[in-house]
Structure formats: structure tokens, C-alpha cells
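Trainee: Quick one: the structure is below, questions incoming.
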Amino acid sequence: MKILGIETSCDETSAAVVENGRDVLSNIIRSQIDIHTRYGGVVPEIASRNHVEDLPYIIDEALEKAGLTLNDIDAIAVTNGPGLVGALLIGVSQAKAMALALDKPLIGVNHIKGHIAANYIEYPDLEPPFLSLIVSGGHTHLVLVKDYDEFEVLGKTLDDAAGEAFDKIARVIGLGYPGGPKIDKAAKEGNPEAYDFPRVYLDKDSLDFSFSGLKSAVINRLNTERQKNIEIVPEDVAASFQAAVVEVLVEKAIKAAKQSGTGKIVLAGGVSANSELRERLKQRGEEEGLEIFVPSLEYCTDNAAMIASMAYFQKSEDALDLDAVPNLKITAKSV
Ligand code: KG4
Ligand code: ZN
């Protein structure tokens with residue numbers, strides 16, 4: 001079964017063709033980072049306008065790269081939430097129009113489920129159940145994946161998402177947008193022990209996260225140092241902040257994996273591109289006897305291949321009244 005996937009939930013316009021959920025025939029991604037950089041973050045209206053302009057060409061390119069025509073496609077899958085509503089609507093409208101015109105099934109896919117499915121592409125033998133740590137710009141979740149389309153949320157952030165914290169701190173220390181990759185790079189030149197930032201919630205039994213306290217701690221510390229005319233080394237702040245986030249994420253994921261007894265941790269979402277997180281999770285997993293699954297960089301950040309993959313496994317079909325749902329929950333059943 002060959003599924004055409006479409007992804008426009010934020011600032012990447014992407015189309016892909018995936019066969020039987022695991023075999024990527026093409027995965028074309030047009031990032032809008034260069035466009036939004038001058039505004040210091042994603043401007044929703046500009047994101048939507050660029051999706052409108054680019055999407056048809058990206059789809060053509062995905063088909064061409066796969067060596068297929070529209071007639072060879074068995075279904076059209078599209079991210080219908082969560083994300084920016086205007087951006088989501090571009091993909092959803094395109095997918096509906098194609099499904100209607102071609103008389104092919106339409107499959108709405110939850111973006112977060114898609115991030116998890118990126119691992120089915122990477123690891124052909126990976127099957128549920130497993131524990132997934134999902135870390136993106138909008139989500140920080142520990143989820144027990146009981147089956148391909150059965151999820152139980154064990155813990156989540158009570159305030160900021162991990163990626164959001166990376167983006168905010170990058171702005172505060174003058175690294176700019178996109179924050180995650182810039183902190184990752186700067187941290188390589190810095191000392192992770194230069195500042196002793198709090199490991200919020202690490203000591204609690206709960207599997208929930210909180211990153212706003214860490215964010216305030218970093219900002220307060222910087223203000224104090226500035227008042228005292230102490231020179232701030234952005235690389236040291238980046239490394240110390242990253243160490244605090246990564247330690248909490250990794251240790252909570254390990255705790256959750258042990259509690260759920262699956263023995264496997266699957267990393268997903270944009271922040272899974274973070275080199276320290278990938279390294280540390282693999283290392284701690286080895287120490288604890290847990291199997292660790294980490295997608296390659298191409299499949300960490302937003303892409304349509306993961307959407308086409310999830311569509312195959314959820315075995316659902318939607319009617320043409322499929323809507324964009326900006327706050328779509330991972331526990332919402334695919335129909
Ligand atoms: O999954 P994603 O591409 O979009 C959402 O679904 O939100 O995640 C984007 C987030 C941003 O906050 C970005 O700063 C973060 O992922 N990110 C990173 C890295 N690459 C992307 N965070 C830390 N280290 C990275 N290397
Ligand atoms: Zn994403």
C-alpha cells in the first residue's frame with residue numbers, strides 16, 4: 001500500500017510517499033526557517049501563505065522522486081492536528097481536494113502520533129508495546145504505546161514544552177531562532193557544570209515535567225550576573241541549561257519505562273535531534289538494560305514520511321468533513 005503523506009502543521013511544508021508504513025519512497029521537506037528567522041520565531045500567517053504557495057510543487061516533487069503518478073497512490077494522509085490552525089488547514093484542504101478528485105481514501109493523522117511513527121521507518125522490526133518520550137516545540141509527553149493506535153499518557157509538562165524552553169533560553173542569551181539547534185551547537189563549546197540550574201521535579205514520584213521554573217532560574221541568574229558586571233559566557237549557559245533539561249527528560253523516561261515494564265524507550269519529536277539527549281539516553285539505557293530507539297535526524301523534525309507511516313498503521317479512514325484541530329489530543333481515537 002502506497003500512501004501519499006502531507007504535513008503543514010507548523011513551519012515545514014512536506015510531502016512523502018511511503019510504502020507499507022516503513023519503506024520511504026520519497027520525503028520532500030521545505031523548511032521555512034530562513035523566512036521566519038528575521039521575526040525571531042514562526043509567524044503563523046506567513047507560515048500559511050508559504051504552505052499555500054509551495055505545497056503543490058512539493059507534492060509533485062515527492063511523486064516524481066518516488067517514480068509514481070497520482071494513479072499509483074492508494075490513499076492520501078494528512079496531519080490534521082495539533083498545530084497552527086491556518087497552517088493545518090492548507091494541508092487538510094489540499095488532501096481533501098485530492099481525495100475527492102482521485103476518489104481515494106483520506107486519512108487524518110495526529111502529528112504527535114506521526115513523530116512516534118518516525119521510528120517505524122527507522123527500525124523495521126520495532127513494534128508496540130513501548131514507552132515513548134515525545135519532546136517537541138509544543139509537547140513533552142511520556143506515553144505508553146500499547147498498540148499502533150492505542151496510547152496512554154503517563155506524564156506530561158505542566159507548563160512549557162521542552163522545545164519551547166530551548167527556544168526561549170536561546171532568545172534570552174542572544175542565540176536567536178531556531179533555539180534548539182543553536183543551543184545544541186553552542187553547548188558543545190561550553191561547560192555544563194558552569195551553572196547549577198535546578199533539575200525541576202526530578203525528585204518527585206510523578207512522571208510530569210515542569211520547565212518554567214528552570215527558565216526563570218536561568219533568567220534570574222543572568223540578571224544577577226549582569227547587575228554585578230560579571231561577564232556571561234553564552235556557551236556555558238547553553239551547556240548548563242541543556243544538561244538540566246536532558247537529565248530530567250532521560251531520568252523520567254527511564255523511570256517510566258521501568259514502571260511500564262516494556263523494556264524499550266522510543267524517542268520522538270523535534271527535540272530528539274538534540275545531540276546530548278540522544279547520547280545520554282543511549283548511555284543510560286545501556287546501563288539500565290533498556291533498548292533505546294532514536295530516529296535519524298531527517299525524521300526527528302517535522303516531515304511527511306512519518307505522517308504517511310502512521311496513516312498505514314492506524315488503519316482508519318476519514319470523511320471529507322475532516323477538520324483541522326489545533327489542540328488534537330494523542331488519546332483521541334483515529335476513526
Ligand atoms: O517536532 P518539531 O519539529 O515541531 C513541533 O511539532 O513542535 O519540534 C520543534 C522543536 C523546536 O522547539 C526546536 O527548537 C526543537 O524542536 N529542536 C531542538 C533541536 N532541533 C530542534 N531542540 C534541541 N536540540 C536540537 N538539536
Ligand atoms: Zn513536530
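The values are calculated or read from the model by the stated rules, or taken from the named source; none is laboratory data. Keep in mind that this is a model prediction, so the values were computed, not measured. Virtual Cβ from ideal backbone geometry, glycine too; neighbours counted across all protein chains shown. Keep in mind that these areas ignore ligands, DNA and RNA; they rest on the heavy atoms of the full protein, side chains included. Shrake-Rupley method; radii C 1.70, N 1.55, O 1.52, S 1.80 Å.
Trainee: Only one of D125, D103 is under 21 Å from L290 (Cβ atoms), over 17 Å from the mean Cα position of the chain (by Cα) and open to solvent by 10 Å² or more (accessible area, probe 1.4 Å); which? Show your work before the answer.
Mentor: Numbers: D103 fails: under 21 Å from L290 (Cβ atoms).
So the residue among D125, D103 that is under 21 Å from L290 (Cβ atoms), over 17 Å from the mean Cα position of the chain (by Cα) and open to solvent by 10 Å² or more (accessible area, probe 1.4 Å) is D125.
Trainee: Yes or no: region 38-48 includes at least one residue that is open to solvent by 10 Å² or more (accessible area, probe 1.4 Å), within 16 Å of ligand 2 (Cβ to nearest atom) and out of contact with any Cys (no Cβ under 7 Å at 6 or more places or on another chain).
Mentor: Yes.
Trainee: For residues that are in a strand (DSSP E or B) and within 14 Å of ligand 1 (Cβ to nearest atom), scanning just region 110-134, find the one that is nearest to G270 (Cα to Cα). If you could, list the steps in order and put the result at the bottom.
Mentor: First, the residues of region 110-134 that are in a strand (DSSP E or B): 110, 130-134.
Filter again for within 14 Å of ligand 1 (Cβ to nearest atom), leaving 110, 132-134.
Numbers: N110: 15, S132: 14, L133: 11, I134: 9 Å.
The residue in question is I134.
Trainee: Does K258 satisfy being at pLDDT below 95 and more than 18 Å from A161 (Cβ to Cβ)?
Mentor: Here the answer is no, as K258 does not meet what is asked.
Trainee: It is to be established whether one or more residues within region 166-173 are within 19 Å of the chain's Cα centre (by Cα), more than 16 Å from ligand 2 (Cβ to nearest atom) and open to solvent by 50 Å² or more (accessible area, probe 1.4 Å).
Mentor: The answer is yes, given that some residue of region 166-173 is within 19 Å of the chain's Cα centre (by Cα), more than 16 Å from ligand 2 (Cβ to nearest atom) and open to solvent by 50 Å² or more (accessible area, probe 1.4 Å).
Trainee: Another question, if that's okay. Taking V237, is it assigned to a helix (DSSP H, G or I), farther than 16 Å from Y201 by Cα, within 15 Å of ligand 1 (Cβ to nearest atom) and open to solvent by less than 10 Å² (accessible area, probe 1.4 Å)?
Mentor: Here the answer is yes, as V237 does meet what is asked.
Trainee: Please list, ordered by first then second residue, the pairs with beta carbon atoms under 9 Å, 6 or more apart or interchain, first in region 213-232 and under 10 Å from V172 (Cβ atoms), second surrounded by 14 or more Cβ atoms within 10 Å (Cβ to Cβ) and among the aromatic types (F, W, Y).
Mentor: K215/F241; V218/Y195; V218/F197; V218/F241
Trainee: Does I33 satisfy the condition of being open to solvent by less than 10 Å² (accessible area, probe 1.4 Å) and in the same structural domain as A305 (by TED's automatic domain parsing)?
Mentor: no
Trainee: Search region 216-233 for residues being open to solvent by 40 Å² or more (accessible area, probe 1.4 Å) and in a helix (DSSP H, G or I), and hand back the single one that is farthest from A161 (Cα to Cα).
Mentor: As a first pass, look at region 216-233 and keep what is open to solvent by 40 Å² or more (accessible area, probe 1.4 Å): 216, 219-221, 223-224, 226-231, 233.
Next, from what is left, pick out any that are in a helix (DSSP H, G or I): 216, 219-221, 223-224, 226-227.
Details: S216: 14, I219: 17, N220: 20, R221: 21, N223: 23, T224: 26, R226: 27, Q227: 29 Å.
Applying the filter and picking the extreme gives Q227.
Trainee: Among the listed residues L175, L100, which satisfies the condition of being within 11 Å of ligand 1 (Cβ to nearest atom), in contact (Cβ under 8 Å) with a residue 24 or more places away in the chain and either over 16 Å from A256 (Cβ atoms) or among the acidic types (D, E) (or both)?
Mentor: On the way: L100 fails: within 11 Å of ligand 1 (Cβ to nearest atom).
Unique residue meeting the criteria: L175.
Trainee: Mind telling me which of the residues S206, S210, S240 ends up being within 19 Å of the chain's Cα centre (by Cα), more than 16 Å from ligand 2 (Cβ to nearest atom), assigned by TED's automatic domain parsing to the domain that holds E276 and farther than 24 Å from R38 by Cβ? Break it down into steps so the answer makes sense when it comes.
Mentor: Details: S206 fails: within 19 Å of the chain's Cα centre (by Cα); S240 fails: within 19 Å of the chain's Cα centre (by Cα).
The match here is S210.
Trainee: Does at least one position in region 1-11 carry a residue that is of a type in the set (D, E, K, R), open to solvent by less than 20 Å² (accessible area, probe 1.4 Å) and either under 30 Å from V172 (Cα atoms) or free of Cβ contacts under 8 Å to residues at least 24 places away in the same chain (or both)?
Mentor: The answer is yes; a qualifying residue exists.
Trainee: Please give the number of the condition H111 fails out of (1) within 16 Å of ligand 2 (Cβ to nearest atom); (2) surrounded by fewer than 24 Cβ atoms within 10 Å (Cβ to Cβ).
Mentor: With (1) within 16 Å of ligand 2 (Cβ to nearest atom); (2) surrounded by fewer than 24 Cβ atoms within 10 Å (Cβ to Cβ) applied to H111, the lone miss is (2).
Trainee: OK, next. Tally time: how many residues in region 178-203 are touching a residue at least 60 places away in the same chain (Cβ under 8 Å), over 17 Å from the mean Cα position of the chain (by Cα) and open to solvent by 80 Å² or more (accessible area, probe 1.4 Å)?
Mentor: Going through region 178-203 one residue at a time, the tally reaches 1.
Trainee: Are any residues in region 135-166 near ligand 1 (Cβ under 9 Å from one of its atoms) and either among the hydrophobic types (A, V, I, L, M, F, W, C) or not assigned by TED's automatic domain parsing to the domain that holds P198 (or both), and if so, which ones?
Mentor: If the condition is that a residue be near ligand 1 (Cβ under 9 Å from one of its atoms) and either among the hydrophobic types (A, V, I, L, M, F, W, C) or not assigned by TED's automatic domain parsing to the domain that holds P198 (or both), then V135, A161, A162, A165, F166 are the ones that fit.
Trainee: Considering every residue within region 247-261, establish whether at least one is over 18 Å from S132 (Cα atoms), touching a residue at least 24 places away in the same chain (Cβ under 8 Å), open to solvent by 10 Å² or more (accessible area, probe 1.4 Å) and part of a helix (DSSP H, G or I). If you could, list the steps in order and put the result at the bottom.
Mentor: Looking only at region 247-261, we keep the residues that are over 18 Å from S132 (Cα atoms), and these are none.
The answer is no, given that none of the residues of region 247-261 is over 18 Å from S132 (Cα atoms), touching a residue at least 24 places away in the same chain (Cβ under 8 Å), open to solvent by 10 Å² or more (accessible area, probe 1.4 Å) and part of a helix (DSSP H, G or I).
Trainee: May I ask you to verify whether L84 is touching a residue at least 60 places away in the same chain (Cβ under 8 Å) and under 28 Å from L267 (Cα atoms)?
Mentor: Details: touching a residue at least 60 places away in the same chain (Cβ under 8 Å): yes; under 28 Å from L267 (Cα atoms): yes.
So L84 fits the description; yes.
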